[in-house]
1. How long are the three semi-axes of the equivalent ellipsoid of the stretch 11-163, in whole Å, if each is the root of 5 times an eigenvalue of the C-alpha gyration tensor, listed from largest down?
2. Going by the alpha-carbon gyration tensor, a ≥ b ≥ c the square roots of its eigenvalues, is the stretch 110-164 rounded (a/c under 1.5) or, if a/c is not under 1.5, prolate (a/b greater than b/c) versus oblate?
3. Describe numerically, in nm with one decimal, the distance between label points set 7 Å from Cα along Cα→Cβ at residue 157 and at residue 45.
4. Please report the spacing between the Cα centers of the stretch 85-126 and the stretch 39-53 in Å, no decimals.
5. At residue 20 and residue 38, where each label point lies 7 Å from the Cα along Cα→Cβ, what is the point-to-point distance in nanometres?
6. I need the calculated FRET efficiency for the pair residue 146 and residue 87, taking r as the beta carbon distance and R₀ as 22 Å, to the nearest 0.05.
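What follows is calculated from the coordinates using simple rules that are stated; it is not laboratory data. Model, not experiment: these values are computed from the prediction. A quick note on method: Cβ atoms are made from the backbone with ideal geometry, for glycine too, and the neighbour counts reach across all protein chains shown.
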């Protein structure tokens, strides 16, 4: 699917037969709706997953592999940079959205990726796709939300995390390691030098 909004409905363009990264990134909800209608018309079972997909790791790959087993076509919603910053703070995402989108198209289970913008209405992609199966982890939705989601999906399947460490945990560990190394590198002599320089500045020297 090209960014200009032209819908490519030929399944031979998908990763089923090759990479075709640019053809499999969607920015328009109309395009994704047309694609889904086409797939369902062929009798294909559509699965939807959503997330940030920052610093893609083995847990993400296992999760997508498991999701693809639930159907025939796997669509992956990807939070935009603005949406991620709004949810996770100014230091995220580590990987910009264009790279996250493209990276996902190179993973075997993924057929299509869709950008989710910050100002999209609640559950906009879910309501557009109306998936046969929505895949989520337990932290994503409450029981009440799962019940309401079933108005827009045939099945909501909850999967456990597929790796022991999340991207956020890996980043925290990296920050701790860097801080520890900096702490060891700053010797008392260097601290004294910095303090002296600050004192000189304070006294106008």
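1. 21, 19, 16
2. rounded
3. So the label points at residue 157 and residue 45 sit 0.7 nm apart.
4. What the calculation gives is 16 Å, centre to centre.
5. So the label points at residue 20 and residue 38 sit 0.8 nm apart.
6. Taking R0 as 22 Å, the efficiency between residue 146 and residue 87 is 0.65.
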